[in-house]
Amino acid sequence: MSKTKLLWLTSISCNGNAHSFLNYPQLEIFLDNFEFIYHPILESNYTLEDIIHKDLKCDILLIEGSISSEYKKYNEPIINIINKYASIVKKIVTVGTCATFGGIFRQSGYAYTTGLHFDQENPTFLFSNLKDKTISISGCPIQPEALANILFSIKNNINISLDKFNRPNEYFAYTVHNGCTRNEYFEYKVDNHLFGKKEGCMFYDHGCQAPFTNGSCNKILWNEVNSKTRNGEPCHGCVNPDFPTINFFQTKKNMGIPQNLPIGVGKRAYLTLAGVTKAFKIKRLEEDLF
Ligand code: SF4
Ligand code: SF4
């Protein structure tokens, strides 16, 4: 079976996604099936200058990093390089929140730094000509399994169901809260949390954004071992269009009620539930177990 040709193009980026991908546990099997014509870290057949100056065959274009019309590689605007390969590939994958929504490099100083579809209030495709070809995997960084599995699906012509940001539903249809080992503390509103401790939910006081963040961190554990929230650090919503927000470790509140409620829960329903759960005092959940 011939290998699928990938181009990993880095725009304004810290390379965090390229590094995260190196943690993919089945990387050897992956490389038996795919070949990078260019990758910023892994060995590849061509240099970046070859990519820019030659017309090379490529099946899937991976874009990492935010995009600005001012940003260039060897004097060539990144937008020209994207457009050149976008026109010949079967699919484009935006790898990470920067390439998808603009991410942290919106503050890079380059004019109009963005993702392939970024508008903070109303995310919409800026490169609308590329929309039908694009699959987005947001994350800062991405989970390597999500990227590898999507690339295998593209290779095998498997239909990929997408959400409104062109992200695969397989990884983004549910919240990061789903699967966290602290759900019992969430249910009974126990946030007696100290970072790194095994007890307490971090939604009420410590800024956990997982109940309103769509992602798979508690479904696919990082390094097959753990997740941030299981380990005692709040989710910062790194997959979201408005990432990064501020005050990561504080829950924004209005009159004692969290400003952002779990997806699908209205204020009135939240207040009713909160009233009921407050009536319970479950000693077991208030105890320091370790
Ligand atoms: S710590 Fe975060 S992810 Fe875990 S149960 Fe609480 S809100 Fe959900
Ligand atoms: S837990 Fe939240 S902030 Fe951390 S990687 Fe997952 S989505 Fe991003």
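Structure above, values below:
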{"read-out": "The stretch 78-103 residues that are surrounded by fewer than 24 Cβ atoms within 10 Å (Cβ to Cβ), paired with ones that are of a type in the set (Lys, Arg) (beta carbon under 7 Å, 6 or more apart)", "value": "Ile78/Lys72; Ile81/Lys73; Ala86/Lys133; Lys91/Lys133"}
{"read-out": "Residue tally, condition farther than 25 Å from Glu35 by Cβ and assigned to a helix (DSSP H, G or I), over the stretch 133-185", "value": "5"}
{"read-out": "Search result, residues across the stretch 8-60 that are among the β-branched types (Val, Ile, Thr) and under 20 Å from the mean Cα position of the chain (by Cα)", "value": "Thr10, Ile12, Ile60"}
{"read-out": "Among residues of the stretch 235-249, those that are modelled with pLDDT of 95 or more and either β-branched (Val, Ile, Thr) or more than 15 Å from Ser138 (Cα to Cα) (or both), counted", "value": "1"}
{"read-out": "Every residue from the stretch 162-193 that is of a type in the set (S, T, N, Q), away from ligand 1 (no atom under 16 Å from the Cβ) and touching a residue at least 12 places away in the same chain (Cβ under 8 Å)", "value": "Asn166"}
{"read-out": "2 or more residues away from ligand 2 (no atom under 14 Å from the Cβ): qualifying helices (runs of 4 or more DSSP H) within the stretch 189-290", "value": "267-278, 283-286"}
{"read-out": "Residues being free of Cβ contacts under 8 Å to residues at least 24 places away in the same chain and crowded, with 16+ Cβ neighbours inside 10 Å - total across the stretch 20-43", "value": "0"}
{"read-out": "Of the criteria (1) loosely packed, with under 14 Cβ neighbours inside 10 Å; (2) modelled with pLDDT of 90 or more; (3) more than 24 Å from Gly196 (Cβ to Cβ), which one Leu261 fails", "value": "(1)"}
{"read-out": "Residue, farthest from ligand 1 (Cβ to nearest atom), within the stretch 196-233, restricted to residues that are free of Cβ contacts under 8 Å to residues at least 40 places away in the same chain and farther than 20 Å from Pro258 by Cα", "value": "Val225"}
{"read-out": "Hey, Thr113 polar (S, T, N, Q) and more than 21 Å from Ile82 (Cα to Cα) or not", "value": "no"}
{"read-out": "Subset of the stretch 45-64 [under 27 Å from Gly115 (Cβ atoms) and at pLDDT below 95]", "value": "Asp55"}
{"read-out": "Selected residue (only one of Asn254, Asn240 is crowded, with 20+ Cβ neighbours inside 10 Å and more than 11 Å from ligand 1 (Cβ to nearest atom))", "value": "Asn240"}
{"read-out": "Residues of the stretch 146-179 satisfying the condition of being within 19 Å of Asn218 (Cα to Cα) and aromatic (Phe, Trp, Tyr)", "value": "Tyr171, Phe172, Tyr174"}
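For every residue, the table says whether it meets (1) surrounded by 15 or more Cβ atoms within 10 Å (Cβ to Cβ); (2) in contact with a helix residue (DSSP H, G or I) (Cβ under 9 Å, 6 or more places away or on another chain); (3) assigned by TED's automatic domain parsing to the domain that holds Thr213.
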site	(1), (2), (3)
Asn129	no, yes, no
Ser136	yes, yes, no
Ile142	yes, yes, no
Arg167	yes, yes, no
Phe186	yes, yes, yes
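Yes/no per residue for (1) at pLDDT below 95; (2) among the small types (Gly, Ala, Ser); (3) in contact with a Lys or Arg (Cβ under 6 Å, 6 or more places away or on another chain); (4) farther than 30 Å from Thr272 by Cα:
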{"position": "Ala146", "(1), (2), (3), (4)": "no, yes, no, yes"}
{"position": "Asn157", "(1), (2), (3), (4)": "no, no, no, yes"}
{"position": "Asn169", "(1), (2), (3), (4)": "no, no, no, yes"}
{"position": "Phe172", "(1), (2), (3), (4)": "no, no, no, no"}
{"position": "Asn192", "(1), (2), (3), (4)": "yes, no, no, no"}
{"position": "Lys197", "(1), (2), (3), (4)": "yes, no, no, no"}
{"position": "Phe212", "(1), (2), (3), (4)": "no, no, no, no"}
{"position": "Asn218", "(1), (2), (3), (4)": "no, no, no, no"}
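The values are calculated or read from the model by the stated rules, or taken from the named source; none is laboratory data. Since the structure is predicted, the reported quantities are computational estimates derived from the model, not experimental observations. Glycine gets a Cβ as well: all are built from the backbone with ideal geometry, and neighbour counts include every protein chain shown.
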